[in-house]
Amino acid sequence: MENLQILAGGISQGCVFALLALGFVIVSKSTGVFNLAQGAFVVMGAYLTYSLHRQAGLPFWVAAVLAIVALAVSAAVLEAVAVHKVATKNLYTPILVTFGLLIMIPPLVSPFWGTGQLTIGDPWGLKVVSLGEVVISQRDLAVIAVTFIVVGLFGLFFRFSRLGLAMQATAIDPEAALAQGVSDRLVHRLSWAIAGGLGAFGGIMLATAGGVGLGPGLENYALLALPVIILGGIESPLGAVIGGLIVGVVQQFAVVYAGENFGQGFDEVVPYLLMIAIMLVRPEGLFGTRKVRRI
């Protein structure tokens, strides 16, 4: 039963990783830009929710929705103002721009919210649900449910909506999509808006998790999405979900079992060891497309 309890916690943690990775994948697949600013969206989403909920007095879910919308709009504006102008220069310039944003945002948080640990609150508290002998917190159940709802909605969006089909067309062949009247700017901004919203939601869920909280270093949890997308495939939404679940479960088991043999903090290294292992065996990831180079 202990292993089932660990598995349940790992699935919940993996769902958060999956949502964060999905933000990376959607931007990469639609625009060709590897968006390291996702960590900044995580931080700002969590702190904005804290301000709206704890300081302004809004109900938690109202504050969370407003923060997610605000970050989605901010991400789209960021793409228009900064990233779009350098996206066509070369492969590395937009990556460096997004990395600069990742480095810049967390220090700007300190003057407004300080450097101490804050409590964001959540609507579940310590409420739990018993499934046989396995006890799962209502927060974990909510994270799992929301993740599968979001993934399902994305599947319907990309399969049946005009914008979703336009994003897929742009990802497959940007020039052909442009010739058919698809606006690449609209697609790029929409993909960044989705990534911003997912990042904010991930930050909120991380800040309400036991052992994480709201404080300095929250952006580092977003970087755990990197092993996820390498494992699943950098342009595969399905890979982001499966990879997130695998990394979450493996890390949770490492928290319980590996610490005794390898020391405290080893569980933080496990996702990156997993990433290196998959890169050696299958560099394109489990669901990535193998690229053939002709010489």
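The values are calculated or read from the model by the stated rules, or taken from the named source; none is laboratory data. Computed from a predicted model, the values in this text were never measured in an experiment. Cβ sites come from the backbone with ideal geometry, for glycine too, and all protein chains shown count toward neighbours. For accessibility, only protein heavy atoms count, side chains too; no ligands or nucleic acids. Shrake-Rupley method; radii C 1.70, N 1.55, O 1.52, S 1.80 Å.
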Would you please list the contacts, defined by Cβ atoms under 9 Å and residues six or more apart or on different chains, that run from a residue in the stretch 40-60 that is in contact (Cβ under 8 Å) with a residue 24 or more places away in the chain and under 28 Å from PHE99 (Cβ atoms) to a residue that is open to solvent by 40 Å² or more (accessible area, probe 1.4 Å) and of a type in the set (Gly, Ala, Ser)? PHE41/SER74; MET44/SER74
Could you say whether any residue in the stretch 71-80 is part of a helix (DSSP H, G or I) and free of Cβ contacts under 8 Å to residues at least 40 places away in the same chain? yes
So HIS188 ticks every box in (1) outside any helix (DSSP H, G or I); (2) modelled with pLDDT of 75 or more but one. Which box is left unticked? (1)
Checking ILE11 against (1) closer than 13 Å to ALA195 by Cα; (2) within 16 Å of the chain's Cα centre (by Cα); (3) in a helix (DSSP H, G or I): exactly one of these is not met. Which one? (1)
Among residues belonging to the stretch 1-41 that are of a type in the set (S, T, N, Q) and out of contact with any helix residue (DSSP H, G or I) (no Cβ under 6 Å at 6 or more places or on another chain), point out the one that is surrounded by the fewest Cβ atoms within 10 Å (Cβ to Cβ). ASN3
Note on LYS85: of the conditions (1) surrounded by fewer than 16 Cβ atoms within 10 Å (Cβ to Cβ); (2) charged (D, E, K, R); (3) touching a Lys or Arg at 6+ places or on another chain (Cβ under 6 Å), unmet is (3)
Residue satisfying condition, being under 21 Å from GLY197 (Cβ atoms) and modelled with pLDDT of 85 or more, within set ALA82, ALA70, ALA142: ALA70
Within the stretch 107-146, of all residues that are in a loop (DSSP other than H, G, I, E, B) and of a type in the set (A, V, I, L, M, F, W, C), the one farthest from SER12 (Cα to Cα) is ILE120
Could you list, in sequence order, the residues of the stretch 20-56 that are in contact with a Phe, Trp or Tyr (Cβ under 7 Å, 6 or more places away or on another chain) and not in a helix (DSSP H, G or I)? ASN35, LEU36
